[in-house]
Structure formats: C-alpha cells, structure tokens
1. Using alpha carbons only, how many degrees (0 to 90, rounded to 10) separate the axis of helix B:470-482 from the longest principal axis of chain B?
2. Quick one: what do you get for the range A:379-522 if you divide its Cα Rg by 2.2 N^0.38 Å?
3. Taking R0 as 45 Å, what FRET efficiency do you get between A:Ser172 and A:Ala90 from their Cβ-Cβ distance, rounded to the nearest 0.05?
4. Assuming a viscosity of 0.890 mPa s and a temperature of 25 °C, what translational diffusion coefficient in µm² per second does Stokes-Einstein assign to the protein assembly as shown, Rh being the Kirkwood radius over Cα pairs?
5. Can you classify the range B:318-386 as rounded, prolate or oblate using the Cα gyration tensor, where a ≥ b ≥ c are the square roots of its eigenvalues, rounded means a/c under 1.5, and otherwise it's prolate if a/b beats b/c and oblate if not?
6. Placing the label point 7 Å from Cα along the Cα-to-Cβ direction, what are the distances from B:Tyr182 to the equivalent spots in the other copies, shortest first, in nm to one decimal?
7. For every other residue with a beta carbon closer than 10 angstrom to the beta carbon of A:Leu125, add +1 if it is Lys or Arg and -1 if Asp or Glu, then tell me the sum.
8. Assuming R0 = 51 Å, can you tell me the calculated FRET efficiency for the pair B:Arg415 and A:Tyr403, based on Cβ-Cβ distance, to the nearest 0.05?
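Just so you know, all these numbers are worked out from the coordinates, no wet-lab data involved. This one's a predicted model, so the numbers in the text were calculated from it and none came from an experiment. Methodologically, a virtual Cβ is constructed for each residue, glycine included, from the backbone with ideal geometry; neighbour enumeration extends over all protein chains shown.
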2 protein chains.
Amino acid sequence: MSSTTTLVKSGLIIPANTVGILYSFMTSTRVLSPPRVASPLPHHYYFSTSTEPLSIKDINQQTVQANYAVRGKIPIIADELRDLIEKNPASHGLPFNKIINANIGNPQQLDQKPLTWYRQVLSILQYPSIINQVNFPQDVKDRAIKLLNNIGSIGAYSHSQGAPLIRESIASFITKRDNGHYSDPHNIFLTSGASAAVSYLLQILSSDSQSGFLIPIPQYPLYTATIALNNAVPVGYFLDENNNWSTNPEEIRRLLAQHPNIKFKALVVINPGNPTGSILTRDDIVSLIDIAAEYGIVLIADEVYQENVFKGEFISMKRVLSELLEINHDKYRNVQLASLHSTSKGVSGECGQRGGYMELVGFHSEVRDVLFKLASINLCSVVSGQALMELMINPPKEGDESYPLYKSETSSIHRDLQARADLLYNAFLNMEDIKCNKPMGAMYLFPKLDFAEEDYHLLYSRARQSNLQIDDIYCIELLENTGICCIPGNGFGQVPDTYHLRTTFLPPGNEWIDSWGQFHNKFVAKYKSTKH
Amino acid sequence: MSSTTTLVKSGLIIPANTVGILYSFMTSTRVLSPPRVASPLPHHYYFSTSTEPLSIKDINQQTVQANYAVRGKIPIIADELRDLIEKNPASHGLPFNKIINANIGNPQQLDQKPLTWYRQVLSILQYPSIINQVNFPQDVKDRAIKLLNNIGSIGAYSHSQGAPLIRESIASFITKRDNGHYSDPHNIFLTSGASAAVSYLLQILSSDSQSGFLIPIPQYPLYTATIALNNAVPVGYFLDENNNWSTNPEEIRRLLAQHPNIKFKALVVINPGNPTGSILTRDDIVSLIDIAAEYGIVLIADEVYQENVFKGEFISMKRVLSELLEINHDKYRNVQLASLHSTSKGVSGECGQRGGYMELVGFHSEVRDVLFKLASINLCSVVSGQALMELMINPPKEGDESYPLYKSETSSIHRDLQARADLLYNAFLNMEDIKCNKPMGAMYLFPKLDFAEEDYHLLYSRARQSNLQIDDIYCIELLENTGICCIPGNGFGQVPDTYHLRTTFLPPGNEWIDSWGQFHNKFVAKYKSTKH
C-alpha cells in the first residue's frame, strides 16, 4: 500500500506515522464526513448547490446537540483504524496490530463466553424441534418447555409490558432479593436493555424546557444525551472522588435550593457506579430517598451492575424504600421509584440480546399507563431478550442438572472480572501522575490524570492551541500509539480543571496493560517539564 | 363464580351479560384505572392526599396526548376478557370462549409457523455447540458459521448501524430487487422492527412545532403517535376508497399549498398499504417522487409488507427513484428517501424478534451522522434480529439443501394468507351495508361500515348519547358478543362522517368469520330502522 491511507468515513488522511493526525478530526465539528457515494448517483448528488438536501441546520437541534461519548469521535476513529488493519494486515502503517475496545462494556466482543444455561434454553426457544436431538440437561429442556407453553412462539409480539410469566418471575426475584419485600408483576416492564427504560422515563418526565434532572457527575452519558433529546435540563451533582466516589446528599439539597426556576423531576442514581465503580451504602441510599420524599421527585435507580460487585454489598433502592415505608409510612408514601436492570452486564454480558426491565413503585396509575402506551407504540421488547431476562434472574438451583456447570461458569467469570479489575487498577497505581480509586463494582475504572499545569506546560499549551481538553489529548495519543480505545472523562463529566478517562477493565491479558504503561511513560516524558 | 367480575386493570364490573357494559370504559378518559396494590404498601400509598405523586398533568403532555389505537382501549379490554376466560374457564359468564386478536398483525400469535430455515440458523447462533448434534441441512450450518465468523457472539453489541456483513447482504438484496440499481451498505441501518426507524426519522425531522408530516389517511397509527410525541403537525392526505385506496397526488399538492405556515418535512407513503391493503402503481410512485423533488421534502417509504402481495406487483420507491435519476438527474438529485423493511410481516411473521432496516438515499451526510448518533445512543438493535433480517433477504437458493422445505413452507404460508384474505373479503361482501375493497397486499382489510343515518337513527342516537363514534360502537359490540377484537377506523383516520374498521385476516378457520356474520346480522337488525 502507499504510505498514506484515507479513512473513508472520517475523511482523514492517515500517513504511515499517525501520531498527531487525529487532532484535526477531533477538533472539527463533524462527527463523520461525506460518505462514499456509489453509482448510479454521481458524487454531487449529495452536495448539489441548488435546492439542497436538508442540512443539520434544518433538523431537530436537540438531536444535533446530544452527545454520546461512548460511541463518539474516538471510538469512530478506532473503528476505522480497525478496518484499515483488517484490509491491510501486512502493511497498514500503524504502530499496533489491533484495536483494544476499552470504550464500552461489551464483554462478549472481548473473550467472555456466554453462559451455557442461557444459550441452551434460547436455542430451544428458537427451534423447539431440536429438543429431542440434543443432549441438554433436563432442567434446560423443562425451562424451555415452560417458557414456550406460556409465551408461545418467540416470533410473536408479546404483551407490551412483556410476557406475563416473565414479569411474574422477575417480581419473585425482586421479592427474594429484597428480603421478602413484595414486588408486583403489574409494575414490571420488560425493556430493550436498560437504555429503553431510561428513554421512556426521561421522555414522560420532560414536561417542558425547565424540567430538571439531577444526575451524578461523572455519569453514564446516556443520561445527558437523553436529557438533551428531550430539551430538558441536566443538573449534575458531583460524586466525591476523594471519598471513593461517594454521594453527597448535602450537595444535592444545595442544588435543589440554588435552582428555584428549574422544575426538578427526577434524581438519577447509578449504583454500582458507571463510570466510577463505586457502591452506595445503605446510609447513602436512605439520604437519597429522603430527598425524593421531601422534594417529591422521582428516583431513577440504574442498578444494571448489581451483579458486578467485588467489594462491599449491593443493596437495592427498592429494598431500602420498602424498609423505610414500614418504619415511617407517612414520610415515604409518595416516593416514586423506577429501578432498572439488564441482561447486558454482570456475568451475563449479553449486550446484543437487548434484555432488561424496569420496576415502578409509587407511580400514579395514570402515569404508569402513559408508560404502557409508550411501550405499546414500540409494540414489545424483543421476546428472546425477555426470555433471557427470566433465565438470568431465575437460574438453575442446587440439585438441578445444570447447576454445577452454571455455578462453575459464573464463578469463573466473576473471579476473572475481579482479577482484570485488580490488574488494571494496580497498573494505574504504578503510573506516574495517575490516581485511581479501587474498583468495588461494575466494569470500569475512572482514573484521574493528575497532570498539574505547573508540571505539564507543554501539554496545557497544546490543549489550548488545539482547543482540546487534557483528557482528549491523552486518549487520542493512547489510541494512535497503542490501539487502546478509551473515553476522555469530559464525555462523562468531571469537576472543572480535573481530567480523567473511562476505561473498561474487560480486555483480556497483560499485553495491553503493559503497552499502556509504556505509552504512559513516554507521554509523561514528552510533556512533563521536570522530565526535560 | 359470582355473576359479576371486576376487570382489575380497567376497573369495570362485568356482569354475566356484558353487552353494553364496555361503553362506560370507552368513554372515560382513563386508559387504565388504579392497579392492584399489594403489600407492604397500603392502598392509599398510591392515592395519598398530601404531596401527591406526579399526575398526568405534571408530565410531558405530548406523551399523554399520543394515541395508538392498535393497542388502545379495545385491545386492553380484550386482554382482560382473555384473562377472565383463562381464570374461569367453566363459568366466566361471557358469550364466547376465546378472544380472536384481529387487532394486530401478529401471525405467530395465531397459528402461523416460523420458517424452519430461520429458526435452525438462529438456534445455532444461540448455542453454536449444537452444530454437531443436530441433523440440520449443510447450508443451514454453513450460513450459521459464516454469520458467527463475521459477527462473533450475538451477545455482543454490534456496530451501531448493524453488523457490516449483514448490511452488505441487505445492500445486495436491494440491488438485486431493484433491477441492479446500486445500494450502499454504508447507508443501511439495522433497526428494531421498522418502528424504531420511524421513531428516529420523525425525531430528527421535527425541528419545531410547525414541522409537518404528510401522512396517508387511513394510516398506521404509529405515525400519528410518533408525530404527537415530537410535537409536530400531522397533515393527512386522503386515500381514494372508491379507487381501491389509491393516492391522489393533486390532493397532496393542494395540502402543501394550503398550509404555507407549516414547514413540511416528509411525505409518508405506506406501500403495500396498512390498513388499506392497496398497492401503488409505478405512476403513483413517480407522482410522489415528483412532489418530493419539487418541495424538497423527505420521502419515508414504509415498505414492510413488500412480500405480502396477492394482486399486482410491488415496486420499490428506491427503484423508481434510481430509474428517474438516470433519466433526469438534475430534477431528482435532491430527493431524500428513507425506505423501511422488517422481519415482522410477510411470510416471515417474526414480530417478536424485532428485526428491521432502513436504507437512506440522498441524505446529507451530516444528517445521516445524526441518525447514526441516535442509533448509537440506543447502542444497537438486537443482534439475533439483525441475523434474522439477513436470513430473510438472503434465503436458500435452488440447489441448496434447505431450498425445497423453504420453498414449500413459504409458498404454503403465502397461499394460506391469500386464502384467508379472500375468505374474510367474501364474508364482508355478503354483509349488509358493509363495503370492502379487494385486498392486494399486506395483512389487513379496512371495510366501510356503510350505515347511513337515515337508516340507522338508533345507532346514531346511541353514538351521540355515549359520545362515541359509529365505528367504536360496532367494534365494542363485536368484541362483547363474539370475542373478536378489531379496531375502529377512527384510530387510523377516515373521511369525516365515514366509518370503518381495521381487521387482520390472519385468524385461522371459518368459525370466527361465521360468528362475525351472525353478529353483523343481529347488529343490523338491532339498529336499522327498515328492520323494525
């Protein structure tokens, strides 16, 4: 190949040495530039000068302004670099041979294997006739038959809220998880991952452009993106990095008082934290519920990482609310809670199957009916994903034929996730001017790039010149030197003048971590004044 | 059981004889009334008088106002009646023993069997280890391996637009379908059914409350619902019932001229028609493309029923546009077309698997990038649904081991659909004061309730008293007398002072059609003056 290659989607010219080249792309306002245009339409079809096709000025500005860093500019460049490597394996001119996707929690894209229990049942649901051809455990066959008898073909639309049997099973799981506190199947909605639930909730709660949502900072950018799409106001409350990313209820109360013109609708809580990996204590949760009770705002508890706990204990918000209601019913009777779960994360890691649910507590039935209508407009969530949700929350029990393998696979994945978390965490501890809290749960680390301006004049000056943040520069150079794709902290929110990055710890092996360490040393050597 | 039964969700008291009782529910503004409230939360938790939970007055009014008749009030009542029958099979007190869901095109909820080809491949994708245990045809195994090699685990997130191999395969299908006119995989988006594509398109195009969408009347109510959610303006163009529900381009031009204050964004075309079952001619399509070229509005071609054609020929809008571009490039170079397809309909009928795609032509790349961002916020459409889409548009070929069975199953389903369509159509021809166009495609009939006021004084008087439409009354009485659930035409739109209903022709057998005929005779006898 020639020494230059065009990245077709981003329009960049990548020379044999990429370093520095990605800056121009990052600082442009385009996400992607002109597509390849193929026959029979000549190129100017897309760019005629007369009655032009709609431009971004002509469309919904909320959709233009929404940002979603997890699949934003850096991951788009990473995708194109991957294509380049695949198309020119021998001579792509890049200083690495593969892209390491640490930008998104996508376990099975890396090397996590699906659980046999899930996939055996799902294969029967897809083609029931195999039941007599395959040597699956009896409990696999029994469960498949039970699901088929109840939901019929997974090719039929289900009830808009999800198949009744599956909602009943989820309600039993919640009741058991929450120490016997009742869950009503009627208040469970099966959703396409937890994202669809967030979308429904924020859509109904955004009554006008003064509707406010309290979100943790750093946050999972689905929240800011969806708030932007609904033309509502995100109000961030900072998590306390120096106190293991804990939640400060006083700051939340202060924000509520400081913004009398905002109609606060909901308080979003992500527990275990994404991107922080922290876990809330029972006291933290009580404080948050107290705020909801006092201000009449909805609690949205994003608990999709409840299975990924390495240190401490996950306590659901529903459980704490139920306990508080027993103690002081009058105080808590109006608390409205929506809690979310998903098949995408945890040891399941079945992101592509799009399973999830939300449970509503304390909502007015009229409001729940509007959610039902939104779910109906979307017809139903994918039925195989609904079934997977059931398999996840109602797994084999001791004594079942599938149990030993299920137990061994889940334990092994759990141990492996913890080992990977520790490995990357320890690597960050050893990197100069990086600080990192010990991960307690979820799939991510959110280390601080502790590059003080007095030590890193060159870096700050480069940032000013290129109109980029410090964390943008770090992530760009990490990608173009090592192929590791992670996300600048500014995509998640951070205290002003602090810089972080979010990375999953999912990629396997030591090699990528070693390569990161070497890059980091060079980066510090390149930019730190005391090194010169 | 007692002679009365409470329908818990709708709050209705159903006596042994239901007739007439559903009216009060239909005329209430509630969709559903208070839920069962279970311990530990006492009933007043939901209805406290102090700081109340959010009511529908406090939430997004667009979500409150959106209507979606396909799963609206009548289907909700039908669901509850089904529960009642299941819980009290011996003594439910209803004059029928099952609910016939003719309200929604859901083939596998009725008795349509999934195609073996699809389900065998999908079962391997779920659990690849079965490949050596099952006696599937070699081409099934080969396709599964090809998909697995390319997309990896279906439990991983794919590219936001869908797996590249699948987009390439869809582009080849379109190119072949459209007589060699090129389709670019880069412009294909895999979506969760076609509904998600409609949602993305209407969301980006709704730039403010003056954004207008031309939609056919009658229409599939997803369009009005989504337009309402986006606070945009639906402008209906009437299809010509007397001319087999054809499209009148002059009326569309007249509407464009009549509404100078509306910023028209798109012209929605449903072909084959839902709910009309009509098919557009090439000339019709040229006229519609001419309007799009002249006014610079986007064409949204909902072509999900393209496989369900019984009479005439389906011609895709993309094909006609490509042909026009060859003839007169300057005139058509700015036409923007989004065409939609789905795995839910046709002989596939895999609604619950949520497969679909949209192809964009002529869109500015910046606008396409915003669609890409929306798709990214939703991460990806379900990957098994993406694979199903590939299996649908790239089925076994003559000579492949699977081909004979595939051919025999698809032919049989197609013949069966046509036979059911004819059966119901002929039944309507024989019903007094019902008119119906012969179905050409899709899954529905939209017969006219030709009840002139001078003949049906009693009916019109009842309608005025109960604040219902004539078609509401017909559908309510049909449901409560026969268990057949179909939808009043007013949920789809109709010329003022005309009344229709939409029904699928999918339910099997003659029995339900006979029971409808008997009901109809009684209805006419009850309400028609000349019968008294």
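1. The helix B:470-482 is inclined about 80 degrees to chain B.
2. 1.37
3. About 0.20, to the nearest 0.05.
4. 81
5. Oblate shape, in that a/c is at least 1.5 and b/c is the bigger or equal ratio.
6. 6.5
7. Computed value for this residue: +2.
8. Computed FRET efficiency for B:Arg415 and A:Tyr403 comes out at 0.60.
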